[in-house]
Each structure stands twice: as C-alpha cells, then as structure tokens.
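S.K.: Have a look at this one before I ask anything.
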Amino acid sequence: PGYQNSFPEIHRVPMISGQTAGYISAALQAYRKGDRKHPTMRGIAGSLTDQDIADLAAFYSAHNAGVTAPEQPKAPPAAVAALLEKGACTSCHGANFSKPIDPSYPKIAGQHADYLFVALKSYNVQGNPYIGRANPIMGGITQQFSNAELKQIANYLATVQGELATKPQPRFR
C-alpha cells in the first residue's frame, strides 16, 4: 500500500557511547535545526542549550574510553567490498570505520545494522517533514545504491568490531 513509505521503520536507537563528541554535537545541532528529521529527537534537541549539547557530547564520548577498534576490520565479501569502494566509505569514516577524518562524522563500525540501514536510506528522502537527513555529500553517495545494497553495507558494518557500545543506565538515580 501507498502508506508504507510515509512512516519511518522501527529500528534500534543508535549506539552513542564511544562516539566522538564532535559527531554527537553535530547530530544534536542538526536535529535542532531540522536538517535531521525525527520528531522526538527534534523536540529533545530543541530543548537543549548549546552548553547542554556540549555536556552530553562530552559525557557520551567518554563512555567507551580506552577501547580501540582494530586497524584492519574483517574483510567483507567481494560484493560488499565493491559497494564500500563505490561509496568511498573509508575516505571519510576511516580504514576501520572508527576513525573519521572529521570530528563531526560518525564512527560506524559495529553500529546496529537496522539503524544504519534506516540512516542510510534517510539521506535519499526529500520533502518529508518527519524523516530524512539533509547532507549533500551523503545524499549523493546513497543515491548510487538500491535499498538492497544499502542493507548489505549496513549488515557488514554492524559486524565490524568498533568502539561503540551501549551502556546500561540505572533506572533510578
């Protein structure tokens, strides 16, 4: 039915513990500005001051301190290697997908596959007030791929050992 593309897919929330402070800050700023469209995240980010964003970024970036990803990730299947090369993924996210060349770029090694897939597809969404991401570089890259190919990329990246983690938080403090 026509309504299927109107609603975002259900996926796990991204792992942010161990992500760089620059990326966490850039992502929250993008939600606040509306460049990243997610009603809940936009509402949360909109309620944060610049200092709140800096504090959250510092907090989550320090969570997985001392953990480093291996220099060479597990080799992908040939078909996935060709997709990664076509997208030039390592040129921005680093050879192990955990050392981005710019602090505002995310570490993607080990991220949840379902989240990565939805995130990659969201760069291709135009004119939807509820989903999508405005990033001309990633938009240009992801438009080269079918959804099946984006899913292959996401599934592989999820298997690469990285620096991201989930950190259980106590329910009551």
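The values are calculated or read from the model by the stated rules, or taken from the named source; none is laboratory data. Everything numeric here is computed off the predicted structure, so don't read it as measured data. Cβ coordinates were reconstructed from backbone atoms using ideal geometry, including for glycine residues, and neighbour counts include every protein chain displayed. Surface accessibility is based on the protein's heavy atoms, side chains included, excluding ligands, DNA and RNA. Shrake-Rupley method; radii C 1.70, N 1.55, O 1.52, S 1.80 Å.
S.K.: Once the piece of chain linking N155 and S47 is laid out straight, how much longer is it, given 0.36 nm per residue of separation minus the C-alpha distance between them?
M.R.: Between N155 and S47, full extension yields an extra 35.5 nm.
S.K.: If you don't mind, another one. FRET efficiency for V67 and I10, Cβ-Cβ distance as r, R0 = 22 Å, nearest 0.05? Let's see the in-between values first.
M.R.: Values: r = 29 Å, r/R0 = 1.30.
Working from the Cβ atoms, E equals 0.15.
S.K.: Just tell me, in residue order, which DSSP H segments of the chain are both 15 angstrom or longer along the helix axis (alpha-carbon based) and at least -1.0 in mean Kyte-Doolittle hydropathy.
M.R.: Passing helices, by number: 21-33, 50-61, 147-159.
S.K.: Hand me the tally of lysine pairs in the chain: alpha carbons under 17 angstrom apart, and the pair either on different chains or 8 or more positions apart.
M.R.: 8
S.K.: Tell me which chymotrypsin sites (Phe, Trp or Tyr not before Pro) from region 106-156 have a DSSP coil assignment and no more than 16 other beta carbons within 10 Å of their own.
M.R.: Those that pass, being in a loop and sparsely packed, are Y130.
S.K.: If packing is taken as the average number of other Cβ atoms within 10 Å across a peptide's residues, how do 102-112, 84-94 rank, most packed first?
M.R.: Highest to lowest by the protection proxy: 102-112, 84-94.
S.K.: Note the direction-averaged projected area, equal to a quarter of the hull surface, for the Cα convex hull of region 20-103, in nm².
M.R.: Average of the hull's projected areas for region 20-103 equals 6.9 nm².
S.K.: Enumerate the calculated ³J(HN,Hα) couplings along region 90-101 in order (Karplus 6.51 cos²θ - 1.76 cosθ + 1.60, θ = phi - 60°), each rounded to whole Hz, writing x wherever the residue is Gly or Pro.
M.R.: Result, rounded to whole Hz: 6, 5, 10, 8, x, 4, 9, 6, 10, 10, x, 6.
S.K.: Over all alpha-carbon pairs in region 73-143, figure out the percentage whose distance exceeds 15 Å. Each step should come with its number before you reach the end.
M.R.: Working: 1490 of 2485 pairs.
Of the Cα pairs, 60 percent sit more than 15 Å apart.
S.K.: Still on this model: Quote the accessible area belonging to L56 in square angstrom, nearest 10, computed with a 1.4 Å probe and with ligands, DNA and RNA left uncounted.
M.R.: 60
S.K.: Next question, about the same structure. May I ask for the equivalent-ellipsoid semi-axes of the chain, computed as the square root of five times each C-alpha gyration tensor eigenvalue and listed largest first in whole Å? If you can, show how the numbers build up before the last one.
M.R.: Numbers: eigenvalues 116, 99, 42 Å².
Result for the chain: semi-axes of 24, 22, 15 Å.
S.K.: Can I ask one more? On the protein heavy atoms, probe 1.4 angstrom, tell me the percent of accessible surface of region 85-173 carried by carbon and sulfur.
M.R.: 56
S.K.: With a point put 7 Å past each Cα toward its Cβ, work out how far A148 is from A88 in nm, to one decimal.
M.R.: My value for the distance between the label points is 2.7 nm.
S.K.: Now a separate question. Using label points projected 7 Å from each Cα along Cα→Cβ, tell me how many nm separate A81 and N128, to one decimal.
M.R.: A separation of 3.4 nm, rounded to one decimal place.
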